[in-house]
Amino acid sequence: MGRTREFDVDEALNIALSLFWQKGYEGTSLEDLTTATGVARPGLYAAFGNKEALFHRALDLYEAKYLSFMRDALDEPTSLKVVERILLGSVDLHTMHSTHLGCLGVTGALAGSDEAESVRRELVRRRGVSQLALRRRLEHFQQEGDLPPTANCAALAAFVMAVSQGTAVQAKGGASKKGLEGIVRHVLSTWPTS
């Protein structure tokens, strides 16, 4: 019986993350993963389970490594500062790597077959968690008087997330960081105030 090749699981996960970010879930084949990591299928399966389980691990790493700005933004002292940090942080993230522009979560959910429906649902769920956290923070600001009583916090949170996701799509399509920052500045100039 042959000996299983040893490999660095963290390194393989980082490589998988980059591939999924660049190509999306369905655009990344098992052959892509084995070639890029240098790990044969049995080794990948033994370490991560199937491709979907590997994608979930890559999503967890992506959130831990790249999305801390979303959580940190919620600590800002005003709703405008929260939104500014989220949207400018999103633009930074979406344009930071020339080989994998955009957002792993958005890219992975834009198109998919019936076989990948569970992946799409998980990506939607994760985005929903972020949107709900933002909504709750905006509601807190509204109670403190930072937002007008007539502001619809649910709609505002959905709007901010839509702009963030839109900048991901635009970045993936080649929009410049400067152009995306211009969009953010426009959004900030229209933010409701008390």
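The values are calculated or read from the model by the stated rules, or taken from the named source; none is laboratory data. In this text the structure is predicted, and so the values were computed from the model without any measurement. Using ideal geometry, Cβ is built from the backbone for each residue, glycine included, and neighbour counts are taken over all protein chains shown. The protein model used for the area step is the full one, side chains on, heavy atoms only, and it has no ligands, DNA or RNA in it. Shrake-Rupley method; radii C 1.70, N 1.55, O 1.52, S 1.80 Å.
So here's what we get for this one:
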| quantity | calculated |
| --- | --- |
| Extension gain (nm, one decimal) between residue 177 and residue 41, 0.36 nm per residue minus Cα-Cα | 45.2 nm |
| Residues of the chain: accessible area per residue with a 1.4 Å probe, Å² | 53 |
| Selected from 64, 158, 12 as most flexible by GNM, with the chain as the system and alpha-carbon contacts under 10 Å | 64 |
| Calculated FRET efficiency for the pair residue 50/residue 99, C-beta based, R₀ 30 Å, to 0.05 | 0.75 |
| Candidate lysines for bridging to residue 177, where Cα separation is under 25 Å - those fewer than 8 sequence places away on the same chain excluded | 23, 65, 81 |
| Of 45, 25, 62, the one that fluctuates the most in a GNM where the chain has Cα springs shorter than 10 Å | 45 |
| Segment 79-176 - convex hull of alpha carbons, volume per residue in Å³ | 95 |
| Carbon + sulfur, % of accessible area of the chain - ligands and nucleic acids excluded, 1.4 Å | 52 |
| Cα-based Rg and Dmax for the chain, where Dmax is the largest Cα-Cα distance (Å) | 18.9, 72 |
| Length gained when the stretch residue 8-residue 75 is fully extended (0.36 nm per residue, less Cα-Cα span) | 20.5 nm |
| Loop sites in segment 1-67: GluC sites (Glu not before Pro), DSSP, at most 11 other Cβ within 10 Å | 6 |
| Highest average packing first - 133-145, 66-78, Cβ atoms within 10 Å | 133-145, 66-78 |
